[in-house]
């Protein structure tokens, strides 16, 4: 275990996401999401068991018994409070692209595909975007393909949407009314100017940008022991690389 | 067991219905249907097991595992070849009434309700109507409430519909093109004039009306032994009254 | 249900079902929480809307007879072999309650729409039925995907305030095993709250039992559970104990009149000690 | 399945799946009939349309690499941890096959529409996605039950010619136990024909086993069953054996080129003796 002082970027991201889940009843985590999964399990540990976590791919943290459709139905029933999405590209309007770069018919790069994003982004109240790589390549002014739209026209049915975007450099809050991001905090050692230089989309910056709060020592210990062991069931390679478990 | 010569009216009806099921793959039987249930189980016995019978209320003859909706979905998938409906009233257009007599809002008589008839009548290719009581009270010129319509306007989606009507006196065939019944056979001891006098709706009568074919002796024996035992699981009172099992 | 939440009593459950609530109920053969029905009568529940999934029997007759019901929505009113439910039929004939006639697959489709969070479900059949006259909430649209005229009925979502039923087993985490009675899972998915009585609470985790997990409603959908041994009497509980046909026949005879119903209920149901 | 029908071989199943058929397939973690996929390649199947329920992985990559596929419809192309399926991705990029991008709940909804015999299913979300540009078969209508403007997407029914998967057990009557993998039941209900390989055929009747009945696809929906022990290799079979990550990583390396794919398949899959 590395000393508590030296947090890894994933640990900082986990520590940024976990407090966003406090007080919720049910958080679901989709595919390829070890950082959000760890954050959800940390929030669960801190909730005294009141937070229910559904982790796709986990046997231990899977409450579903009605087949592949159940997560989506459950979200539409209003029973999922938070979810996590990423994207090959994310733009300043909160649109995400999980399909391809370049022309759709003859793409330069092809990503796996939309999964459930096109739907869940509209249904789940608190969708937290995450992408460790923070660069003009990933955070763009306009995505090449809108897998799921960040906001919807007034009057359209849209109980869900983006809440925040957490990267390896910072956290943005999403303003649904404006359909745009605002810088919320910068991770230790990162300046607002660093973020600006690495971001391909426009966003607003308050006068004072706080540094992302560090996980309290006891929570960090919990993450590196109990949560590390729990997430290892679903993401063994990640758990091994991060915490050697 | 009564002598083979003396068939009961239910036995005659069973013997009329069973041949209508020959060659089919899957016959479903709904609630309160001991006569069709016996006919289906007899047809199954004669098919050498090739006919599948789904008997509502039976543990032994229930192939469904997806809840109350499955029979209806299964029918819509085209996987149910025949079904049986009755009615407090049945009219000459093949409409059936399972709801009430008189004004709907303040009925003189209230029946249990439509069950699945309003739907299954449209979806299952061969719906056989049955009603032991053959009288102007039950077979009427126009039902007071259409639970399910006998025919549909040209061009409407209607893979299913009535095939025949079997009563305690006779069998009618249903002509889908005309939306009307034709007398097909009269049960032993019944004349076409008897049928006319007992029927409240108009129908056509061919020049020669055959007598309903009697069940061959071996099939009758099968009905009174194996089928009687099988139907007793679901309709013990009926099986006891008919066959003393 | 919150993990580790304590079991309720049947009286607790009846107290949590508000006057005016819409309540999805199974048919007599699929697991009826008769003890909660009795407790609702004891607490003088009023203006309930009962939704049969897809038909209603003894539960509706007891609640209607006791004056707890404003609306019945059901594909049928039936006690099976014992006949029709006398107080419910009398109330419908007298116009004392509102009867919303339906057809079985429309109830299932409406609940499936609620389960999927969609406003309606298309459904084949029904066209030409007088149901379309007495159910103005059921509309007919022209299938937008067809190039030819193709009318199809659309059934609005049915989202009950409460789903209420009786099952064999819950586990220590509040998961409920339902076997093949999967309409109970649909009810739980569709309803805002789900209350369940069970024969017993087993010290295991059905979601970790590979044989039973697939037939289990996760605690996620369950608002509260009460233990009620023989909680399906007198309509029975499939796989556990049969309907008591002697009691049912006796009830049907007595309940032909309101006075007979009142006496029978007072003597046979309401004077027993609630759990 | 016809009662008492004899089991098939995997070669029989591949022969019964016609060129040009649309085939619903589970994702890599839900039971893939890999032996039938290999048999389809051996028999040089052509112009298949593969439908991922809701995503596609190794099955699609093998079939695309072998030239068996005309169309992929899927919410994603993924092998999970080993990465993206190289031959499928290459074919999509090159335009050699038609890719119909979807989103998971739309695939489930389309299959549910087929299951219910309705022409479409409404579905929330999706509005504003470029999916509506590339899926002209998905339309937007105004919710007919709303008094205000309320656009909603309608997904046409997906009725596959064939559903194909691998499961743990069939019984002597041809019923197939699937545990919590209920998307397999949806596939079987929606498809015209359903072919299944199983680890073993057990001399029992799951429909009479109250613990297992609720997690069983009745033989009614099954067109044919073949026994194929380790039939999920190398993607594994939940509850029975895991994916072989060494084989998968080796495959992904080899299949970066068509020649590498051809060699790997010839050596590792096609030269093994079919069942």
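Each value in this text was obtained by applying a stated rule to the coordinates, not by laboratory testing. From a predicted model like this one, the values you see are computed outputs, not experimental measurements. When we count neighbours, we look across all protein chains shown, and the Cβ atoms used for this are built from the backbone with ideal geometry, even at glycine.
Residues B:16, C:257, arranged from fewest to most other Cβ atoms within 10 angstrom of their Cβ, appear as C:257, B:16. Using a Gaussian network model of chain D in which every pair of alpha carbons under 10 angstrom is joined by a spring, one finds that among D:160, D:119, D:85 the greatest mean-square fluctuation is at D:119.
What share of Cα pairs, in percent, lie more than 15 angstrom apart in the stretch C:167-243? For the stretch C:167-243, the share of Cα pairs beyond 15 Å comes to 52 percent. Across the identical copies, the 7 Å label point of residue D:139, projected outward along Cα→Cβ, sits 1.5 nm from its counterparts, in ascending order.
Entry note, chain D: relative contact order of 22 percent, from Cα contacts under 8 Å with a spacing of 6+ residues. Sorted from closest to farthest, the other copies place their residue A:142 label points 6.4 nm away, with each point set 7 Å from Cα along Cα→Cβ. Counting only DSSP beta bridges with both residues in the protein assembly as shown, the antiparallel share comes to about 35 percent. For residue C:47, the point set 7 Å out from Cα toward Cβ sits 6.4 nm from its twins in the other copies, listed from shortest up.
The calculated FRET efficiency for residue D:249 paired with residue D:270, based on their beta-carbon distance and R0 = 25 Å, is about 0.80.
For a quick check: sort A:224, D:124, D:100 by the number of other beta carbons within 10 angstrom, fewest at the front. Please list the in-between numbers first.
Numbers: A:224 19, D:124 23, D:100 15.
Starting with the residue having the fewest Cβ neighbours, the order is D:100, A:224, D:124.
A straight line joining the Cα centroids of the stretch C:11-37 and the stretch B:104-157 runs 32 Å. Here r is the Cβ-Cβ distance between residue D:6 and residue A:59 and R0 is 35 Å; the resulting FRET efficiency, rounded to 0.05, is 0.45. Of all chain B residues, the one whose Cβ lies closest to the rotation axis that maps B onto A, given with that distance rounded to whole Å, is B:66, 5.
Quick one: compute the contact order of chain B, relative version, from alpha carbon pairs under 8 angstrom and 6+ residues apart, as a percent. Intermediate results must be reported in sequence, preceding the final value.
Working: 477 pairs, mean separation 47.8, N = 245.
Relative contact order, chain B: 19 percent.
Return the whole-Å distance between the Cα centroid of the stretch C:128-152 and the Cα centroid of the stretch D:143-189. So the separation of the two Cα centres works out to 24 Å. At each listed q (0.05, 0.07, 0.10 Å⁻¹), what is the log10 of I(q)/I(0) that the Debye formula gives for the protein assembly as shown modelled as equal alpha-carbon point scatterers? Calculated log10 I(q)/I(0) at the listed q: -0.33, -0.65, -1.27.
Only beta bridges with both residues in the stretch A:9-243 are counted; by DSSP, about 45 percent of them are antiparallel.
Among B:143, B:27, B:109, the residue with the largest mean-square fluctuation in a Gaussian network model of chain B, with springs joining Cα atoms closer than 10 Å, is B:109.
Order of A:174, B:119, B:104, C:241 from fewest to most other C-beta atoms within 10 Å? Don't skip to the answer; put the middle values down first.
Values: A:174 23, B:119 29, B:104 16, C:241 13.
In increasing order of surrounding Cβ atoms, one gets C:241, B:104, A:174, B:119.
Chain D residue nearest the rotation axis toward C, with distance: D:211, 2 (Cβ to axis, whole Å). Which of C:164, C:145, C:186 moves the most in a Gaussian network model of chain C with Cα springs under 10 Å? Comparing C:164, C:145, C:186 in the GNM, the peak value goes to C:145.
For the stretch B:9-243, the Cα-based Rg and Dmax, in that order, read 17.1, 51 Å.
Here the simple spin-label model places points 7 Å from the Cα toward Cβ, and for residue B:135 and residue D:211 these points are separated by 5.4 nm. Mean sequence separation of contacting Cα pairs (under 8 Å, at least six apart), scaled by the length of the stretch D:122-275, corresponds to a relative contact order of 17 percent. Determine the distance separating the Cα centre of the stretch C:214-234 from the Cα centre of the stretch D:93-118; give it in Å without decimals. That distance is 36 Å. With the helix formula -39500 (n - 2.57) applied to DSSP H stretches of n ≥ 4, the protein assembly as shown reaches a computed 222 nm mean residue ellipticity of -7000 deg cm²/dmol.
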